[in-house]
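Have a look at the structure below before the remarks.
Just so you know, all these numbers are worked out from the coordinates, no wet-lab data involved. Keep in mind the model is a prediction, meaning the values are calculated, not measured. Using ideal geometry, Cβ is built from the backbone for each residue, glycine included, and neighbour counts are taken over all protein chains shown.
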Amino acid sequence: MNVLDFAHSFFADSARWHGYDGIPTRLLEHVGYSLEALAIAALIALPVGLIAGHLRRGGNALSMVATAGRALPSFGLLVLLFIWFGFGTLPVMVPLVVLAVPPILVTTYEAIQTVDPSPVDAARGMGMTEPRILFQVELPVALPVILGGLRTAAVQIVSTATIAAYVSFGGLGRYIIDGLYQKDYEKVVGGATLVAGLALVTLLVFWALSKLTVSPGVRRSG
Amino acid sequence: MIRIDSVTKRYSDGTVAVDRLSLDIPDRAITVLVGPSGCGKTTTLRMINRMVEPSEGSILLDGADIRQQPVNSLRRSMGYVIQNAGLFQHRTVIDNIITVPRLLGWSKGKARERAAELMERVGLDSSLAKRYPYQLSGGQQQRVGVARALAADPPVLLMDEPFSAVDPVVRKGLQDELLRIQDELGKTIVFVTHDIDEAVKLGTMVAVLRTGGHLAQFAPPAELLTAPADPFVEDFLGADRGIRRLSFFPSDALELETGPIVPLDADATRLTPRGGAPYLLVTDADGRPLGWGEPGALTAGAIDTGRLLSHGRPFRPGTDSLRTALDGAVLSPTGWAVAVDGEGRAVGVVSQAAIGEAIRTAHSEDRPEVTAAG
Ligand SMILES: Nc1ncnc2c1ncn2[C@@H]1O[C@H](COP(=O)(O)OP(=O)(O)O)[C@@H](O)[C@H]1O
Ligand SMILES: [Mg+2]
C-alpha cells in the first residue's frame, strides 16, 4: 500500500466523520487552538511592533527577543510546561505563542520602520496626530508585509499545534500520534494530510485577506 | 506677517544649522530662501511649522508667538509641500487632497467638492481623481501635493524644494502655474530652493543664506542681481546676472519701427529699404511674421517664403522683458527683433542697437521696475 492508498481509505471510511474522534471534531479543535494562539501572539506582537516601528526605536531589542523566541524548541517547552503545570491549555498555548511572536514582531517593526519617510513627514507637517499617522499613513502601506508575518506565524502554528496531542489534547495531532502508537499508518497519513490541507487553507485565507484590505495603490515591493 | 526673530538652531550633535537669523516674511507674497545645500534652508522652513523647534529666538505669526497655539492647529493652518510630494500611496488623488479638510472635520461631500475645484486650479484633469499616486507622472504628483496643501485654504504655504525632482520642462510649467495660482490666491508663501534661477523667477523677496545658516542678503530679485551684497552672493548669482537682470526691465519703452514690415503680396514700390533696416519683414495675410528678406532679392507678387531669413523668437511689448527682446534680436541673423501682439501679428521691429540704447537708459534710472520675471 502506498501513501495515496492510505489517505484514500482514511477519508473513505465513513466512521471517520463522526464522533469525538471524527474529522470534523478534530479539525475544529485544531483550528480553535491555532486561532487562539495566533490571536494571543498578535495581541502581544502587533502593538509592540507598530509602536516601535513608528518611533523607529528598539529594533535591536526586538530582534534579540525574536531570536531568543526562535531558539526555544517548541516541543521541549511543551514538555517542560506540562511537567510544571500538568494538564491544561497553558502548556499547549505557550509554545505556540512563543513560536508565533517573533515573525509577527519582526515583520511588523520592519514594515512600519521602512515606510517611505516623505509621506510621513508630509502628514506630520499637515497636522496629523501621531496615532493617525501610524494608522492612516504607515499601516496601510506596511499592511502587505505585516500580513505576510501573520501568515508565516499562522502556518507555523497550524503545523506545530499537532504536538498538543502529546499532552493528551485533541486536534489533528491526535491522528498522527495515536496512529504512530497503534501502528495505524492510515491514520498517520490521514492526519498529516489534514494538517497540510489546513496549512494550505490558511495561505488561501491570508491571500484573500490581503486582497480585501490592501489598497490597490500599495504596490508590493518588500 | 511671519517674523523670524534672531532664531538659532543647534541640533543635538552640535551642528548649528541656523545662526541668529532674523527675517520679516511679507504677507501675500512669495519669499524664497535660497542657498547652497546644507545652509539651513529646510531647517528654517521647518521651524515655521514647528517640525523643528528653535534652540534660541522666536517666530511670530501676525504678532503672536507660534508656540502659543497647539502645534497641530498651527500646522493645519499652513500648507506644506515637500520635494517628492509625499503623497499617500494607498489613497486616490482626491482622497489625498482632502486630507486636511477631513482633519478639520469637513464632511466628505464638501471636502470632495473643494478637491475637485482645486484639481482644476492646479491644472489636473478631473479624470485623474480616482487614480493612485503611482499612476501619475512626477509633475502630476507635485500638482497633487500643491492641491493638497491648498485644500483647507490656509493663509500660509510652506514649500521645500517642491519642483527640484522633476525635469526642467515640467519644472518651468509648475513654476508658471505657481505664479498664476499666487496671482489668484495671494498666499503668504515661503519657498525653499537651491536654484538661484528659480529664486529669481518666483521670489517677490529672496533671502540668500550661506553655509552655517547666516543671512547673506534679503532683497527683491532685481536688486539682488543689480547689487549683490558681497562676493558670496555675487558668486552664487552666477556669471550672466547682467543679462538675467534684463528680465526685470519692461520692453514697452522700446521704439518700434513699422516701415520695414511688408505683406506677402506687396507690390514693387513697397519692396524698398525703409526705416534703418537693411531688410524687410514679410508677413502673411493675417500679419504674422514669416521672415526677413533682402529688398533687392524679393520679387513683387512672388515672394519665395522658403528663402526668407529666420526672425528669431518674437517678443510682446509690455508683457515680455528687455531680456526676451534682446534674445530675439540676438537669435535673428539680421540682428533685429520682431514685436508681436497677443494674436502673434507683427506690430514693429527693433534693432539690437536700439535695444542696447534702451538698456543703457534703463540702467541709468535708479532701479529696475519690478515685473514678473520672463
Ligand atoms: N536632524 C538633524 N540633526 C543634525 N544635523 C542636522 C539635522 N538636520 C539637518 N542637519 C544639518 O544642519 C545643516 C542644515 O541642514 P538643512 O536645513 O537641511 O539644509 P538645506 O535645506 O539648506 O540643505 C546641515 O549641515 C545638516 O547636515
Ligand atoms: Mg533642504
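Brief remarks follow.
- Along its three principal directions, the equivalent ellipsoid of the stretch B:2-246 from the Cα gyration tensor extends over semi-axes of 30, 22, 15 Å, largest first.
- With at most 14 neighbouring Cβ atoms within 10 Å, loop GluC sites (Glu not before Pro) (DSSP) excluded, longest segment of chain B: B:1-254
- Restriction of the chymotrypsin sites (Phe, Trp or Tyr not before Pro) in the stretch A:1-67 to DSSP coil positions whose beta-carbon has at most 11 other beta-carbons within 10 angstrom yields A:Y20.
- When DSSP beta bridges are restricted to pairs lying wholly in the stretch B:261-364, around 75% turn out antiparallel.
- Three-way shape call for the protein assembly as shown based on the alpha-carbon gyration tensor, with the a/c threshold at 1.5: prolate
- Only one residue of B:V347, B:P314, B:N96 has its Cα farthest out toward the positive end of the dipole of chain B, where Lys and Arg carry +1 and Asp and Glu -1 on Cβ, and that residue is B:N96.
- Charge dipole (the protein assembly as shown, unit charges on Cβ, about Cα centre) - positive-most of B:P263, B:A302, B:Y134: B:Y134
- When the Cα positions of A:F10, A:G197, B:A325 are compared along the charge dipole of the protein assembly as shown, A:F10 comes out farthest toward the positive end, with charges on each C-beta of Lys, Arg, Asp and Glu.
- The simple Förster model, with R0 at 30 Å and r as the Cβ-Cβ distance, assigns B:A285 and B:D176 a FRET efficiency of 0.40.
- Size of the stretch A:154-205: Rg and Dmax of its alpha carbons, in Å, are 10.9, 34.
- Counting Cβ atoms of other protein chains within 10 Å of each Cβ in B:78-86 and taking the mean gives 5.
- DSSP beta bridge pairing in the protein assembly as shown, given as percent antiparallel to the nearest 5: 60
- Chain A shape via C-alpha gyration tensor axes, a/c threshold 1.5: prolate
- Added length on full extension, which subtracts the Cα-Cα distance from 0.36 nm per residue, B:E365 to B:D183: 62.7 nm
- For the protein assembly as shown, the Cβ-based charge dipole about the Cα centre amounts to some 1960 debye (Lys, Arg positive; Asp, Glu negative; other atoms uncharged).
- Relative contact order for the stretch B:261-364, counting Cα pairs under 8 Å that sit 6 or more residues apart, in percent: 21
- Considering only chain B, percent of DSSP beta bridges that pair antiparallel, nearest 5: 60
- A DSSP coil position with no more than 15 other Cβ atoms inside 10 Å describes the following trypsin sites (Lys or Arg not before Pro) in the stretch B:1-95: B:R28.
- Cα pair distances exceeding 18 angstrom across the stretch B:255-374, given as percent: 49
- Net charge dipole, chain B: roughly 1620 debye, given to the nearest 20, about the Cα centre with Cβ charges of +1 for Lys and Arg and -1 for Asp and Glu.
- Three-way shape label, the stretch B:105-203, alpha-carbon gyration tensor, a/c 1.5: oblate
- Set of lysines near B:K201 by C-alpha distance (under 19 Å), chain-local residues within fewer than 8 positions excluded: B:K41, B:K172, B:K187
- Cα centroids of the stretch A:1-52 and the stretch B:145-166: 54 Å apart.
- Simple Cβ-charge dipole of the stretch B:28-67, Lys/Arg +1 and Asp/Glu -1, about Cα centre, in debye nearest 20: 180
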